[in-house]
Amino acid sequence: MQVKCNQCGAELKIKPNEIFFTCTYCGSSLYLDSSKVIFHYYLSSKIIKEDLKLILSAFLKRRNLKKRIKIEKKEIFYFPFWLLKGKKEETSLKLAAPTAIDEIEKVVIPPAGKLNFFDPENKDIKDKKIVVPSIAYEAIKKNMEKEIKKGDFSQAMLLHLPFFLCQYRYAGEKGRFTVLIDAVGGKVFANSFPHVSLEKIESEFFWAVGIICMIFFMEGLMVKNLLTKAFVYFISAFPLYLLLRYFLSKKG
Ligand SMILES: [Zn+2]
């Protein structure tokens, strides 16, 4: 099969099942889409496995999930995106393959110039799992072009970005939870979370309300003088108010 290099125009012979290839004349990394030859880049990871627990804990803490976690699986892989750039650095980034956590489309990529040509022999990529594109550029071309203002864009490219697939356990919860962590910027993507134990907080809340009612009832029985009664109610209301605030903040 014969294709033409995007960069130098050389005619290249590729095997029918070869989709990622390098121009033997100019060294460009290329990908054969359903319709044409496209430049192929990747970003190397900046985050190491040892950082993942800290990143994930911080992410969960922001969701009020503060219990112990145990990461049971951490595996790096490269996921494909279509990238279209405008002349003024506007970009459109779309998934080039389906995924269960499709929020990764919102991943932030660094400015141009940081992209590396995809080289399967490079140590960053070699032996790593590479997801092959299965959504053709032609299929989403129109949507992507709309996102670039004035229709002023350069050629689309294929970009493989590194992610960590992490599976973790959360103290007190059954089963494992999955997140994808962007291995360049450290952003965490998830579509399910452990539950904050609401039932427990709710029962504590009802107990607190019950006790408060009892306290006021007793005070009402014990203090006969109306003015003293008002005073006693007033000074006991303040700590009880704080107690309720505490429960509500725990709940929120
Ligand atoms: Zn070339």
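Could you list all residues from segment 15-25 that are within 13 Å of the ligand (Cβ to nearest atom) and over 21 Å from Ile125 (Cα atoms)? Steps first, answer last, please.
Our first condition is that a residue be within 13 Å of the ligand (Cβ to nearest atom); within segment 15-25, this holds for 21-25.
Selection gives Tyr25 alone.
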Contact list, first residue from segment 6-17 and not assigned by TED's automatic domain parsing to the domain that holds Gln155, second anywhere and within 13 Å of the ligand (Cβ to nearest atom) and of a type in the set (Phe, Trp, Tyr), beta-carbon distance below 6 Å, six or more apart or interchain, is Asn6/Phe39; Cys8/Tyr25; Ala10/Tyr25; Ile14/Phe21
Taking segment 142-174 and keeping only residues that are more than 30 Å from Ser57 (Cα to Cα) and part of a loop (DSSP other than H, G, I, E, B), one is left with Glu147, Ile148, Asp152, Ser154, Gln155, Ala156
Residues of segment 37-64 being within 16 Å of the ligand (Cβ to nearest atom), touching a residue at least 60 places away in the same chain (Cβ under 8 Å) and not aromatic (Phe, Trp, Tyr), in sequence order, are Ile38, His40
Residue pairs within 7 Å by beta carbon, gap of at least six or interchain, first lying in segment 229-252 and farther than 14 Å from Ile211 by Cα and among the hydroxyl-bearing types (Ser, Thr, Tyr), second in a helix (DSSP H, G or I) and modelled with pLDDT of 80 or more, listed first then second, are Tyr233/Phe216; Tyr233/Glu219
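Taking the criterion of being at pLDDT 85 or above and more than 28 Å from Leu54 (Cα to Cα), would at least one residue in segment 158-168 satisfy it? Give the steps one after another, and end with the answer.
Initial filter on segment 158-168 (at pLDDT 85 or above): 158-168.
When the remaining residues are screened for being more than 28 Å from Leu54 (Cα to Cα), the result is 158.
Yes, segment 158-168 contains a residue that is at pLDDT 85 or above and more than 28 Å from Leu54 (Cα to Cα).
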More than 18 Å from Leu93 (Cα to Cα), polar (S, T, N, Q) and surrounded by fewer than 16 Cβ atoms within 10 Å (Cβ to Cβ): does that describe Asn191? yes
The residue that is nearest to Leu161 (Cα to Cα), considering only those in segment 26-36 that are more than 30 Å from the chain's Cα centre (by Cα) and within 16 Å of the ligand (Cβ to nearest atom), is Ser28
Conditions (1) more than 16 Å from the ligand (Cβ to nearest atom); (2) more than 15 Å from Leu159 (Cβ to Cβ); (3) touching an Asp or Glu at 6+ places or on another chain (Cβ under 8 Å) -> Lys74 fails only (3)
Test: Tyr137 is touching a Phe, Trp or Tyr at 6+ places or on another chain (Cβ under 6 Å) and either free of Cβ contacts under 8 Å to residues at least 12 places away in the same chain or more than 17 Å from Phe39 (Cα to Cα) (or both): no
Result of the Cβ filter at 8 Å on segment 71-97, keeping first residues that are at positive phi and partners that are not in a strand (DSSP E or B), at least 6 apart or interchain, is Glu89/Pro111; Glu89/Ala112
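Residue by residue, here is whether (1) under 25 Å from Ala136 (Cβ atoms); (2) at pLDDT 95 or above; (3) assigned to a strand (DSSP E or B) holds:
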position: Leu93; (1), (2), (3): yes, no, yes
position: Glu105; (1), (2), (3): yes, no, no
position: Pro110; (1), (2), (3): no, no, no
position: Lys123; (1), (2), (3): no, no, no
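The values are calculated or read from the model by the stated rules, or taken from the named source; none is laboratory data. Keep in mind it's a predicted model, so treat the numbers as computed, not measured. Backbone-built Cβ (ideal geometry, glycine too); neighbour counts: all protein chains shown.
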